[in-house]
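The values are calculated or read from the model by the stated rules, or taken from the named source; none is laboratory data. For clarity, every value in this text was computed on a predicted model and none was experimentally measured. Glycine gets a Cβ as well: all are built from the backbone with ideal geometry, and neighbour counts include every protein chain shown. For the accessible areas, the whole protein counts, side chains as well, though only heavy atoms, and no ligand, DNA or RNA atoms are used. Shrake-Rupley method; radii C 1.70, N 1.55, O 1.52, S 1.80 Å.
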Amino acid sequence: MRPEDLDRTDPEGAIAKAAARVSNWGRWGPDDVLGTMNLLDDAKRREAAALVRTGASYSLSQSFDMDGPQRGWRRRTNPVHTMLDTGCDAAAGVQGFPHGIGGADDVIAMPLQCSTQWDGLGHIFDHGRAWNGRPAEQVVTSLGDAVTGIETVADRIAGRGVLLDVGRTFGEDGELPDGFAITEEHLEATIAAQGPTSAVGRGDIVVVRTGQLTRARREGWGEYAGGSAPGLSFTTVDWLHRTEIAAIATDTWGFEVRPNEFDDAFQPLHQVVIPHIGLFIGEMWDPDALAGACAADGNHDFLLTAAPLKITGAVGAPVNPVAVR
């Protein structure tokens, strides 16, 4: 399906049809909590370890500080970092420690999805249903996600990463414009342009670079958090299911193209891929340095470790993904 084939007036109908086509409910049993992470197994990790060619490593995380993109939407703020003990306190001798020892301590307060992060399976529901068909109210309560909390995949997300630099392939100076809908054709053309190390398949973790973060760094955050953005078209839902990838991440706030491709909609691709496919989505990743290295030598796959913080019951969590080439 092409974006122009979508009925812009009927997001609910498009969501329902897509969900029926790609649902993984029951695929790994009625009690499953891992979704597509079932596709990333020990064999895939062994294969990924063999991809280390130079040993060079790249953090794919943005910074966690006050100079972040958040604007307060739905109470999402940038991290607030506060010192509890400092070198000044130590020099003043007011910390109460013996024999001259001093130290520093700090604390951070932040929403769990304010910077580089994973969306967990309890993050999005479809008509009151969570991953694997469970009633949402039986999954996430005021105590957190008691079923598919992010801690369930804390030891899972390490394997073969594949960078698809769609921005470099289709954008001007490596950047897609806001509102650019990345289709299956764009993804496949990027794979073809980059070469055989970009082949995508079962259990892979795909990192899509649009170049929007590059632009935001140059021009300022602006509407980066929740505004218009390049991103995946709703029509990629079948590709995301058919390729059997374990996860996908982008350098944008919301993963899918914004404005969304319907007259009145909010993140319709999320509404299918998280509760129905069981797919893990990463947002606000920073692939720029990695992308430069991949373009230089033509190798676009790597060992990727991207474990979320093990926050019990969280529906999303910060992460510092590290690619080793």
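Some observations on this one:
- With N counted as the residues of the stretch 188-252, its alpha-carbon radius of gyration over 2.2 N^0.38 Å works out to 1.28.
- Whole-number accessible area per residue in Å² for the stretch 120-249, which is evaluated in the context of all protein chains at 1.4 Å: 37 Å²
- Acute angle (nearest 10 degrees) that the helix 11-22 long axis makes with the longest principal axis of the chain, alpha-carbon atoms: 90 degrees
- Farthest towards the positive end of the charge dipole of the stretch 248-325, among the residues 303, 269, 259, is the Cα of 303, using unit charges on the Cβ of Lys, Arg, Asp and Glu.
- Dipole magnitude of the stretch 202-309 about its Cα centre (Cβ charges: Lys, Arg +1; Asp, Glu -1), debye to nearest 20: 160 debye
- For the stretch 26-152, the spherically averaged projection of the C-alpha convex hull amounts to 14.0 nm².
- Within the accessible surface of the chain, defined with a 1.4 Å probe on protein heavy atoms only, the carbon and sulfur portion equals 53 percent.
- For the peptides 160-173, 87-100, residues were scored by their other Cβ atoms within 10 Å and the scores averaged per peptide; the highest-first order is 160-173, 87-100.
- Matching label, volume of the Cα convex hull per residue in Å³ computed from the structure shown, candidates (i) 133; (ii) 164; (iii) 143: (ii)
- Added length on full extension, which subtracts the Cα-Cα distance from 0.36 nm per residue, residue 142 to residue 7: 44.9 nm
- Degrees, to the nearest 10: 184-194 long Cα axis against longest axis of the chain: 70 degrees
- Dipole magnitude of the chain about its Cα centre (Cβ charges: Lys, Arg +1; Asp, Glu -1), debye to nearest 20: 580 debye
- A helix-only calculation puts the chain at -6000 deg cm²/dmol for mean residue ellipticity at 222 nm, using -39500 (n - 2.57) for each DSSP H run of at least four residues, averaged over all residues.
- Using all pairs of distinct alpha-carbon atoms, the Kirkwood hydrodynamic radius of the stretch 115-247 works out to 16.8 angstrom.
- Positive dipole terminus of the chain, leading residue within 285, 227, 312 (C-beta point charges): 312
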